[in-house]
1. For the range A:53-62, how many residues meet the condition of being under 18 Å from A:Arg147 (Cα atoms) and away from every other protein chain (no Cβ under 11 Å)?
2. Would you pick out the residues in the range A:216-240 that are open to solvent by 50 Å² or more (accessible area, probe 1.4 Å) and within 18 Å of A:Gly64 (Cβ to Cβ)?
3. Looking for something under 30 Å from A:Gln129 (Cα atoms), in a strand (DSSP E or B) and in contact with a Ser or Thr (Cβ under 8 Å, 6 or more places away or on another chain) - is there at least one such residue anywhere in the range A:427-441?
4. Anything in the range A:303-356 that is within 14 Å of another protein chain (Cβ to nearest Cβ) and touching a Lys or Arg at 6+ places or on another chain (Cβ under 7 Å)? List them, or say none.
5. So, in the range A:324-353, of the ones that are of a type in the set (Ser, Thr, Tyr) and within 23 Å of the chain's Cα centre (by Cα), which residue ends up farthest from A:Gly202 (Cα to Cα)?
6. Can you tell me which condition A:Ser188 does not meet? The list is (1) open to solvent by less than 10 Å² (accessible area, probe 1.4 Å); (2) in contact with a Leu (Cβ under 6 Å, 6 or more places away or on another chain), and all the others hold.
7. Just the residues that are surrounded by fewer than 23 Cβ atoms within 10 Å (Cβ to Cβ) and under 30 Å from A:Gln53 (Cα atoms), please, taken from the range A:270-290.
8. Please work out which one of (1) charged (D, E, K, R); (2) away from chain B (no Cβ under 14 Å); (3) in contact with a helix residue (DSSP H, G or I) (Cβ under 7 Å, 6 or more places away or on another chain) is the condition A:Asp68 fails and give its number.
Amino acid sequence: MRILSAFSQRLWQIAFAAVCLLGGAMPAHALPSYARQTGEPCTSCHVGAFGPQLTPHGRAFKIGGYSDSKDDAFRAPLSGMLVANWTHTKKDQAEALSGHDGTNNNVALQEASVFVAGKIAPHLGSFIQTTYSEIDRATAFDHADVRYTRTLQAAGKDLILGLDVNNNPTVQDPFNTVGAWSFPYTASDLTPGHLTGAFLTGGLEHQVLGTSVYAYFDDHFYAELGGYRSLKAGTLKTLGIEDEAGRLSGTAPYWRLAYTRDWNRQSVSLGVIGMNASIHPGRENGPTNHYHDIGIDASYQYLGDRKNVFSVNIAQIWERQTLDYAVFAEETDKAHQKLRQFNADVSWYHNNSYGLTAGIFRVSGTRDEMLFTPEPDAGSRTGSPNTSGYILQADWTPFGKESSWAAPWANLRLGVQYTGYSKFNGAKTDYDGSGRNASDNNTLMLFSWLSF
Amino acid sequence: MKTFFALAPAVLAGALLLSTQANAADAENGADLFDAYCSDCHSVAAKVANRKGPSLYRIAGRKAGTIAGFKYSPAMLASNIIWNGASLNAYLANPKAVLPTGIMKFKGMPKADERADVIAYLATLR
């Protein structure tokens, strides 16, 4: 039992590190199927002419159910995407993260995706992704977000009501501040992952099925309430998804409130978001690990004449953990723990083609020598999960404009990204107890991102 | 052909009126305003392309609801509006006031001088 629980805890840590924070390879999404459907260039909906960072117009398209179109003609809501990268870390890793890659300087076709993305019927639209990873040599069901919306009038104002079904808390969020669609929008899967992060930002990614209802009133007030339940292990296996999170105890509630203001040349958003989840790691009945997350976020965009766009995204999440299961399994003697996660990014896109983005991130949590133990590359010598650093990115998006080559059939982004760590898993030097420094994980990544 | 001859005077009058206004207003500023307020949904490319809104290329003097391939609201189709300075000015100020059941989501441009500049810019699209 203890071996199993320790294994599941380790699985959780590895999964989180690999999926959520660093290796998450946030799937990218400026989808040409949406451009074909609306007749609009990528620049209408996306900052820098490429996804996933949404302009106010793009947010409205998502909130409106992905179903706005220029006419009633049927168009197959199909798109594809290829993300390839080269990854270099300052110091070779102790072991390769996959059986198909080396300990450094890896080239990978990280994602090859197909999407069912667009209008399915009036008021009904989808964003459904299936992805092949050359690193995993496997295909798996990826992000899914299907929504039905209607627009009503209330007090003389527009009131959009929506029903959403998705498989990843925050994938349905129309903002680029928290979770699935926050910066970095792409990251290498082949770097060491740090130990933990807020449960809300990936802890249940693809492991659940959730339903939420939302309302957007007068283009200002957004409110959403939903709940998630675990997919069965057999279902996950069928979908090619690893059973990583365990089983939710009952339904995990999710909620979101936001205020938006759009002056055409500028826009802002302010929001709060939260989720509660009780997990049975290993899926057996008994004590649970409980996570209570609440976050605040804000964004600002200067859109001007839509050619040069400046944007800022900020989010802070506070998490309280009650780890009854971990105590029961003797993984820790601290049932009550805390975690804080902060991220912010600033970007400037010139002529919808040339982009510079700078971001910072910080995760800090309860020091726990039982839970976080030394291990080459991925462990913690100090028992602290604290990690912080910065990300710099420069990219070029040659297409995606109305007059671009291949519009609206293809788009491309080429970029270079550098991630630097000031602290990793609790320390600046020898963080893993095997002599590895935080800066040894500093990562240079070149990427090519094609959507069609 | 009959339709053409019936609309020709209105088209010419609309184009003339827009041209006159173009001289008084600032078409260059209008282009900038158009990019900020209108370009997400409307194309002005010479190769006519509809987005969620119809193409606005050569809108001067055009009868509303006549761009091929665009699905207009019944209200717009029945409006018999000819797009000239006056009708554009009223529509840009508050689309719902002109067509309460229209489908354009734009809430309006309250400043008269900005509307004049946009109309001046639209008049250059010939």
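1. Taking the range A:53-62 first, the residues under 18 Å from A:Arg147 (Cα atoms) are A:54, A:57-62.
Retained after the next criterion (residues that are away from every other protein chain (no Cβ under 11 Å)): A:54, A:59, A:62.
Residues in the range A:53-62 being under 18 Å from A:Arg147 (Cα atoms) and away from every other protein chain (no Cβ under 11 Å): 3 in total.
2. Answer for the range A:216-240, where residues must be open to solvent by 50 Å² or more (accessible area, probe 1.4 Å) and within 18 Å of A:Gly64 (Cβ to Cβ): A:Phe217, A:Asp219, A:Phe221.
3. For the range A:427-441, residues under 30 Å from A:Gln129 (Cα atoms), in a strand (DSSP E or B) and in contact with a Ser or Thr (Cβ under 8 Å, 6 or more places away or on another chain): absent.
4. Once the filter is applied, which keeps residues that are within 14 Å of another protein chain (Cβ to nearest Cβ) and touching a Lys or Arg at 6+ places or on another chain (Cβ under 7 Å), the range A:303-356 yields A:Leu303, A:Gly304, A:Asn351, A:Asn352.
5. Going residue by residue through the range A:324-353, those that are of a type in the set (Ser, Thr, Tyr) are A:325, A:332, A:347, A:349, A:353.
From what is left, the residues that are within 23 Å of the chain's Cα centre (by Cα) are A:347, A:349.
Details: A:Ser347: 23, A:Tyr349: 28 Å.
Top of the filtered list is A:Tyr349.
6. (2)
7. Just the residues of the range A:270-290 that are surrounded by fewer than 23 Cβ atoms within 10 Å (Cβ to Cβ), to begin with: A:270-272, A:274, A:276, A:278, A:280, A:282-288, A:290.
Result: A:Leu270, A:Gly271, A:Val272, A:Gly274, A:Asn276.
8. Answer for A:Asp68: the failing condition is (2).
The values are calculated or read from the model by the stated rules, or taken from the named source; none is laboratory data. This one's a predicted model, so the numbers in the text were calculated from it and none came from an experiment. No Cβ is skipped: glycine too gets one built from the backbone with ideal geometry, and neighbour counts run over all protein chains shown. With ligands, DNA and RNA removed, areas are computed over all heavy atoms of the protein, side chains included. Shrake-Rupley method; radii C 1.70, N 1.55, O 1.52, S 1.80 Å.
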